[in-house]
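Student: Below you will find the structure I want to go over with you.
The values are calculated or read from the model by the stated rules, or taken from the named source; none is laboratory data. Every value quoted in this text rests on a predicted model; they were computed, and no experiment measured them. In this analysis, Cβ positions are derived from the backbone assuming ideal geometry, glycine residues included, and neighbour counts consider all displayed protein chains.
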Amino acid sequence: MTSQDDESPSNQPDVQTTSFATDVRHWARRRPNETALTVVADGAIETQWSWAELDEWSNRAARAIVDLGATVGGRVVHVGRNRAGYVALLYGASKCRTTIVGINWRLTASEIAPLLADSRPSLVAVDDEFRATVESAIAAAGIETVIINAAAPSEWCGQCSSDPLSTQPEPDDIALIFYTSGTTGTPKGVLLSVAAIGANLAREAPWNIGPDNTVMVCSPVFHTAGTGWIYMPVHSGAHCLMMRDATPSQLLAAIATHRVSHALLVPAVIGTMINDPDVHTTDTSSLETLAYGASPIAPDLLERAMRTLSCDFVQLYGMTETGGPITYLRPEDHDPNLNLLHSAGRSPDGIELRIVDPDTGAHRATGERGEVWTRSDQQMAGYLGNPTATAETIVSDGWLRTGDAGYMDRDGYLFLTDRLSDVIVTGAENVYPVEVENVLTAHPTVSEAAVFGTPHERWGETVTAVVVASEGQVAEPTELITWCREHLAHFKAPTTIDVIDELPRNPSGKVLRRMLRAPFWAEHGRQIG
């Protein structure tokens, strides 16, 4: 983008020319000495930067990224916790037109390796605590790259000039890549462009965030929710309060100490926070809006949270591929008498929704269940190097298939009822059964396995497995759970495993996971947690 928002008389960046680079430059000009970013770790301030300092650190990061060999369109992988170094990297990458690739630090080396092989980064920024895992992944991927300490920007860019580069992001530049798996368990890199992120930021949202607000970021930055709630307050000139890690008590203390006005939490965290004894003695009166999403929330938990925190609640529904929320359940919709607490809300202007027959694409009538399709200018450009998967997800006329099943009522409210794929969402993390099944069947005592999600009070769903023992072998559930934890991120490992004689199958031989999971959900009104 060639236009400069710095000369605009507006107090807000021009949404038509916005990018991470132009946003931070805008506020560094207008509010140089005001606090832009605070990082809290173990209840104490780890880092605090003004707008001028954020601009300067991201300028240094941009120069370091270039000096370390990244070119325009190159990729910078980040594997680390929520720290100021990531924010410098995020905005520095924009200033030199490179792409940030977020990778979950909970993954094992064998899970990270294919992501590195796919993204081919020029640079990998990793917290020291995960360096050994990432080095093993780099060796397994067979790539050459430079490694830097993500947690300590002073080490890799502190000596660089803070003078800005002349480079300006372009609308079609890919700003972010986040990995998501499909029904096969094969990771796919979701491409989010500068223009798509700008469209998301320009869209009307059910909250008012501006320079007088403090926005708390709790979600990990390898999720679109975590990174999105960094660039959203930065775009608005708000104070971004980033939590590196936090217990429920620490979250409550941060709200009181830093006068947090807006926060995004997953339902599991909301549950632990309102069940914490400190919630009754902590001053949360500054909290104006609590947004929640990434997994379904039980209405009784939602009602208790509303009574406890006495602020506006907003539900967000979207996914990595949609580039941001595609529906909102707004504060006024949270009246229990309206019977909308099971709803995901309505789409804002500029985002289209339709319910279709998943096999034919034919339109389904109001109240009739089908697959949720969406179309907007904020959705992904596609999957990295995977045109086949892109064509399977973005179909005729730009409609994006969500893989979620639901219906819309006559007022346009969306109700989600199920998933068309077998994905398990546990504590806002996606788990794809085939990936876990492949690990289970690699154990010598297992001949077959089926993995599915079952209800869990805290996490929404938990990973459950049934296995068939190999001939002449005895499959021990405890041993198999340990085996899975050695080969997978812990959130993917089954919490329970049963041994059965044979798996149920349809006439064509496909394992019927839905038959296995149905009894666990019999008392629930829907097939998702």
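Student: Kindly evaluate L301 against the criterion of being farther than 27 Å from N33 by Cβ and buried (at least 20 other Cβ atoms within 10 Å of the Cβ).
Tutor: Values: farther than 27 Å from N33 by Cβ: yes; buried (at least 20 other Cβ atoms within 10 Å of the Cβ): no.
The answer is no for L301.
Student: For residues that are over 24 Å from R31 (Cβ atoms) and surrounded by fewer than 20 Cβ atoms within 10 Å (Cβ to Cβ), tally how many sit in region 252-264.
Tutor: Summing the residues that are over 24 Å from R31 (Cβ atoms) and surrounded by fewer than 20 Cβ atoms within 10 Å (Cβ to Cβ) in region 252-264 gives 2.
Student: Can you list the strands (runs of 3 or more DSSP E) lying wholly within region 403-465 that have 1 or more residues being under 19 Å from the mean Cα position of the chain (by Cα) and of a type in the set (K, R)?
Tutor: 414-419
Student: Separate question: So, in region 327-378, exactly how many residues are under 16 Å from R410 (Cα atoms) and among the small types (G, A, S)?
Tutor: So the count comes out to 7.
Student: Another one. Can you tell me how many residues in region 359-396 are closer than 26 Å to G345 by Cβ, aliphatic (A, V, I, L, M) and either touching a residue at least 60 places away in the same chain (Cβ under 8 Å) or in a loop (DSSP other than H, G, I, E, B) (or both)?
Tutor: Total satisfying the criteria: 5.
Student: Another question about this same structure. Would you check which residues across region 129-156 are over 19 Å from Y86 (Cα atoms) and part of a loop (DSSP other than H, G, I, E, B) and list them?
Tutor: Across region 129-156, the qualifying residues are G142, I143, E144.
Student: Same structure again: Got a number for residues in region 202-225 being assigned to a helix (DSSP H, G or I), buried (at least 21 other Cβ atoms within 10 Å of the Cβ) and not polar (S, T, N, Q)?
Tutor: 1
Student: Pairs under 7 Å by beta carbon, first residue within 12 Å of D283 (Cβ to Cβ) in region 247-260, partner modelled with pLDDT under 95 and not in a loop (DSSP other than H, G, I, E, B), six or more apart or different chains?
Tutor: Between residues of region 247-260 that are within 12 Å of D283 (Cβ to Cβ) and residues that are modelled with pLDDT under 95 and not in a loop (DSSP other than H, G, I, E, B), the close pairs are L252/M273; L252/D278; L252/V279.
Student: Something else about it: Can you list residue pairs whose Cβ atoms sit under 6 Å apart, with the first residue in region 161-189 being modelled with pLDDT of 95 or more and the second being of a type in the set (D, E, K, R) and surrounded by fewer than 15 Cβ atoms within 10 Å (Cβ to Cβ)? Count only pairs 6 or more apart in sequence or on different chains.
Tutor: Listed by first residue and then by second, the contacts come to nothing, as the list is empty.
Student: Scanning region 336-371 for residues that are out of contact with any Phe, Trp or Tyr (no Cβ under 9 Å at 6 or more places or on another chain) and of a type in the set (V, I, T), which turns out modelled with the lowest pLDDT?
Tutor: This residue is T360.
Student: Name the residue, out of D333, D397, D404, D377, that is exposed (fewer than 15 other Cβ atoms within 10 Å of the Cβ) and out of contact with any Pro (no Cβ under 6 Å at 6 or more places or on another chain). First the steps, then the outcome.
Tutor: Numbers: D333 fails: exposed (fewer than 15 other Cβ atoms within 10 Å of the Cβ); D404 fails: exposed (fewer than 15 other Cβ atoms within 10 Å of the Cβ); D377 fails: exposed (fewer than 15 other Cβ atoms within 10 Å of the Cβ).
Just one listed residue meets the conditions, D397.
Student: Could you check Y317 against (1) in a strand (DSSP E or B); (2) surrounded by fewer than 18 Cβ atoms within 10 Å (Cβ to Cβ) and say which number it fails?
Tutor: Result: Y317 passes all but (2).
Student: Within region 157-169, can one find any residue that is outside any loop (DSSP other than H, G, I, E, B), over 30 Å from R259 (Cβ atoms) and among the hydroxyl-bearing types (S, T, Y)?
Tutor: The first filter runs over region 157-169 and keeps only residues outside any loop (DSSP other than H, G, I, E, B), leaving none.
Checking region 157-169: not a single residue is outside any loop (DSSP other than H, G, I, E, B), over 30 Å from R259 (Cβ atoms) and among the hydroxyl-bearing types (S, T, Y).
Student: Restrict the check to region 87-107 and report whether at least one residue is of a type in the set (G, A, S) and either in a loop (DSSP other than H, G, I, E, B) or modelled with pLDDT under 95 (or both).
Tutor: No: region 87-107 contains no residue that is of a type in the set (G, A, S) and either in a loop (DSSP other than H, G, I, E, B) or modelled with pLDDT under 95 (or both).
Student: Can you tell me which residues in region 197-217 are farther than 22 Å from A175 by Cα and of a type in the set (S, T, N, Q)?
Tutor: N208, N213, T214
Student: Answer yes or no: is there a residue in region 215-236 that is over 21 Å from the mean Cα position of the chain (by Cα), under 18 Å from A28 (Cβ atoms) and modelled with pLDDT of 95 or more.
Tutor: no
Student: Ok, one more. Select from region 240-251 the residues that are in contact with a Ser or Thr (Cβ under 7 Å, 6 or more places away or on another chain) and surrounded by fewer than 23 Cβ atoms within 10 Å (Cβ to Cβ) and list them in ascending order.
Tutor: P248 - this is the single residue of region 240-251 that is in contact with a Ser or Thr (Cβ under 7 Å, 6 or more places away or on another chain) and surrounded by fewer than 23 Cβ atoms within 10 Å (Cβ to Cβ).
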